[in-house]
1. Only loop residues by DSSP count here, and only those with at most 16 other Cβ atoms within 10 Å; note down the trypsin sites (Lys or Arg not before Pro) in region 51-93 that meet that.
2. Report, in whole Å, the centroid distance computed from the Cα atoms of region 90-112 and region 18-78.
3. With a point put 7 Å past each Cα toward its Cβ, work out how far residue 31 is from residue 10 in nm, to one decimal.
4. In nanometres, what is the gap between the two model label sites at residue 130 and residue 110, each 7 Å from Cα along Cα-to-Cβ?
5. Mind checking the full-extension length gain between residue 102 and residue 78? Use 0.36 nm per residue of separation minus the Cα-Cα distance, one decimal, nm.
6. What ranking, highest mean first, results for peptides 120-127, 64-71 when packing means the other Cβ atoms within 10 Å averaged over each residue?
7. From the phi of every residue in region 87-99, what ³J(HN,Hα) in whole Hz does the Karplus formula 6.51 cos²θ - 1.76 cosθ + 1.60 yield, where θ is phi - 60° and glycine or proline is x?
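Derivation of every value follows stated rules applied to the coordinates shown; laboratory data play no part. Every value quoted in this text rests on a predicted model; they were computed, and no experiment measured them. All Cβ positions, even for glycine, are placed from backbone atoms using ideal geometry, and neighbour counts span all protein chains on display.
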Amino acid sequence: MTDLAPDDPKARDALIAAADLVGRSGGKSFQIGYLHDDVPSEEAAWYAHAQYRGVRITAENHRSPEAAAEALAVQLLTGAKCVHCGRLVALSTAGAVAHDGTLIDGTPWTVEQARAAGQCLWKRDGARWDRVCGDEPRPPLSMNRAQRRARQNGRRRG
Ligand SMILES: [Zn+2]
């Protein structure tokens, strides 16, 4: 992979992060390539492949190797279950969209299960994709001030 834009640290980070994510999620191989020779690099149709046991995930037709790598990582994380907390991976604070699917290890994961699991925000920080929510338990979002006060009063009484 040394011939793939190694001079640009940002591009390199995106490639390393995607390769690392594939490795951490149990992938057997990670491959970057392009379809067309003799064209400018951005027209070469870059692709990224991740090979898992029995499943191949592909991101195709990108303008650079790092764009293909990033798209592959996003594809892997979309609808995925966080290995740390078991929640649905969200790639933005707007939240994830749960859909019926199969996890990369072959386990079926339904919309209902994904919704019930809650969400875990993931983000790429330089050369690594990771969760940003941490393991801190959070209060339910629906709890308003009055409910919180009632709860505290209840605790004091008990
Ligand atoms: Zn998590």
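1. Numbers: sites: 53, 56, 63, 81, 87; in loops: 53, 63, 87.
In loop regions of region 51-93 (DSSP not H, G, I, E or B), the sparsely surrounded trypsin sites (Lys or Arg not before Pro) are 53, 63.
2. What the calculation gives is 20 Å, centre to centre.
3. With each label point 7 Å from Cα toward Cβ, the separation is 3.0 nm.
4. Placing both labels 7 Å along Cα→Cβ, they lie 3.6 nm apart.
5. Values: separation 24, 0.36 × 24 = 8.64 nm, distance 1.14 nm.
Difference between extended and current length: 7.5 nm.
6. So the peptides 120-127, 64-71, ranked by packing, come out 64-71, 120-127.
7. Using θ = phi - 60°, the values come out as 8, 6, 6, 10, 9, 8, 5, 5, x, 8, 9, 7, 8 Hz.
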